[in-house]
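The values are calculated or read from the model by the stated rules, or taken from the named source; none is laboratory data. Predicted, not measured: the structure shown is a model, and the values here were computed from it. Backbone-built Cβ (ideal geometry, glycine too); neighbour counts: all protein chains shown. For the accessible areas, the whole protein counts, side chains as well, though only heavy atoms, and no ligand, DNA or RNA atoms are used. Shrake-Rupley method; radii C 1.70, N 1.55, O 1.52, S 1.80 Å.
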Amino acid sequence: MCDFQNFERIEIKTMDYNALADLLLPEITKTPADYEKIYKKRTDGKKVTRFAPSPTGFLHIGGLFAALISKRVAMADGGTFFLRIEDTDKKREITDGVSEIIAGLEAFGVTPDEGVIGFEKEQGDYGPYVQSKRKEIYQSFAKDLIKKGLAYPCFCDSEYMEKIKSEQEKEKVRTGYYGKWTRCRDLSLEEVKKNIEEGKSFVIRLRSPGNEENRISFEDGIKGKIEMPENDMDIVVLKSDGIPTYHFAHAVDDHLMGTTDVIRGDEWISSAPTHIQLFGMLGFEQPKYSHISPVMKEENGGKRKLSKRKDPEAAVTFYHEEGYPSNAVLEYLLTLANSNYEEWRRDNPCITNDKFPFALSKMSVSGALFDLQKFNDVAKNDVTRYSAEEIYDFVTQWSEKYNKPLYEKLTGNPDYAKAIFAIERGGEKPRKDIAKWSEVEDYISYFYDFAPTYEQMPEIGKENICELLTEYKKVYDPADDNEAWFGKLKELALSLGYAKNPKEYKKDPENFKGAVSDFATAIRVAVTDRRNTPDLCAIMQVLGQEAVSRIDKAIEWSKK
Ligand code: GLU
């Protein structure tokens, strides 16, 4: 039997909704169907991921981490990774925000295949990829929801919102616009017209069909099955200026742009029921969600999120300024992302890390711990992989921007600089002592400016130092290879009365001037004014005649 009364009511409502939609968004003439035609469905079945930052002028290491993961997921499937700029919150935006994000991603090779690829530059068939340029699209989808009775205008001002909030707090119930608190849910067309005529501003809210008592579940790509209460909040989809909220823009954009996998920070998990509901109400296929736990830091025995305010290493610019190789940052982020990365790296020391079979399922559920010391170690390892030429290029590029005097030194005599960088590099066991380019200045300083204090000389008495240096100068031959060089040094030391090793010396200190190691230290300090340096034989070869002059200088000092 036909329920006449009810039928009539629906008929009238449907009519109202069309009129309401035209009243609220009169300039919007395109329909969702028009946009579905413009943005063709991607048909190759490959994964499409994206990075969707807000241009707040600060690329957080957690953002780079999320972007890297999104890119690797798409890459592993031969799919597409795109960059979308979410600039709907103009208050938080800064002038160079977008350029900074693009430069930040590019520096680490996390370049998008599609989307925003440069300043005011886009690539791909799903643009514009900047949300502020998509206002009409969102409004068209919102208008359609209004026509279907699934969204409505809300004129509640902040005063009313404050009022219900305090009442809700008094009643000890959830705060928000839902259930009996939704004052504008059923306004008549006349009431809406009157409000508009009176110049009252409004937002568009979703007419949520959800019920808090029901539970929904979804399979998160990282965290597994997640179960939560259904959304029953009438969330805002369009703000009073016609700009969408994150929730609405996310649904519309990721649908039209064909995103298959939404990989984002887990601060969005609590919104997932809203998003799932929105996709359903809009008739969109739901993307797969993967929520990344934040990058953490250990502090006083506990863990906390890496903070933009407290931790310089939270900003991607920190790594540029300090001169860490970009690849070292990537390497470390990959170790944080997949626990089997380190093992893969050990087994494949020479392959570029884009060959690593990245898996979302291997991501840590609880949050990766960023350990600056461990990162430094990874960086040192990374630096060992570069040739002297490459190091020279990296350091000059870095110092041109961050340390002009060093830049002048290096570029003043590139061959000399490269010879320095070649010491203990490229062999079986390259020296692991540089983690970042800002360390290079100190590392190589004695090759350039030599004002020795000789404070590091071994405690064997100036007389002995004078003798050993004078004798050593006589036998030193720059043409000797490392083995011959040390053979000579040792032979001379023994003949001048130095013990084979410190143990032997300690046993009978009366009988020796010192140990061979003291003998070698005296030469090292004479030439470098340091006790710890890379291979001294190689250093002396690079210094050439200067090494001999430095020995002379130390002899002079030892005579005083
Ligand atoms: N603009 C959002 C943010 O920066 C993007 C979240 C997402 O990836 O969906 O948090």
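Cα centroids of the range 114-160 and the range 472-518: 78 Å apart. The residues of the chain expose on average 50 square angstrom of accessible surface per residue, using a 1.4 Å probe on protein heavy atoms.
Packing order of peptides 450-460, 323-333, 467-477, highest average first: 323-333, 467-477, 450-460 (average count of other Cβ atoms within 10 Å over each peptide's residues). Cross-linked pairs Lys47/Lys148; Lys71/Lys308; Lys71/Lys355; Lys40/Lys135; Lys462/Lys507: Cα-Cα separations exceed 21 Å for Lys47/Lys148; Lys71/Lys308; Lys462/Lys507. Work through the residues other than Glu321 whose Cβ is under 10 Å from its Cβ and net out their charges, Lys, Arg +1 and Asp, Glu -1. With Lys, Arg at +1 and Asp, Glu at -1, the net is +1. Taking the inverse of the mean 1/r over every pair of distinct Cα atoms in the range 106-194 gives a Kirkwood hydrodynamic radius of 17.2 Å. For the listed peptides 190-198, 288-296, 415-423, a ranking on the average number of other beta carbons within 10 Å per residue, highest first, reads 288-296, 415-423, 190-198. Phi angles across the range 350-366 convert, under the Karplus curve 6.51 cos²θ - 1.76 cosθ + 1.60 with θ = phi - 60°, into 3J(HN,Hα) values of 9, 8, 6, 6, 6, 8, 5, x, 5, 9, 4, 5, 9, 6, 6, 7, 8 Hz, Gly and Pro given as x. Projecting the Cα atoms of Ala554, Ala499, Ser271 onto the dipole axis of the chain, where Lys and Arg carry +1 and Asp and Glu carry -1 at the beta carbon, places Ser271 farthest toward the positive end. Surface composition of the chain: carbon and sulfur atoms hold 49% of the protein heavy-atom accessible area at a 1.4 Å probe.
Once Lys and Arg get +1 and Asp and Glu get -1 on their Cβ, which of Tyr392, Ile465, Ala422 lies farthest toward the positive end of the dipole of the range 366-480? Ranked along the dipole, the leading option is Tyr392.
For the chain, taking the reciprocal of the average inverse distance between every pair of different Cα atoms yields a Kirkwood hydrodynamic radius of 28.8 Å.
The listed residues Trp557, Trp437, once ranked by accessible area (1.4 Å probe) with the largest placed first, stand as Trp557, Trp437. As a size descriptor, the averaged projected area of the C-alpha convex hull of the range 411-457 was calculated at 4.6 nm².
Only DSSP H runs of four or more residues enter the estimate; each adds -39500 (n - 2.57), and after division by the residues of the chain the mean residue ellipticity at 222 nm equals -14500 deg cm²/dmol. DSSP assigns beta bridges within the range 242-306; of those with both partners inside it, close to 45 percent run antiparallel. The listed peptides 344-354, 545-555, ordered by packing as a protection proxy, come out as 545-555, 344-354 (highest mean of other Cβ atoms within 10 Å first). Relative to the Cα centre, the charge distribution of the chain, modelled as +1 at Lys and Arg Cβ and -1 at Asp and Glu Cβ, gives a dipole magnitude of about 680 debye. Hull volume per residue, based on the alpha-carbon atoms of the range 282-391 and their convex hull, is 167 Å³.
Under 5 Å between amide hydrogens, built in the peptide plane, is the criterion, and for Phe81 it picks out Thr49, Asp113, Glu114 among residues at least 5 positions away or on other chains.
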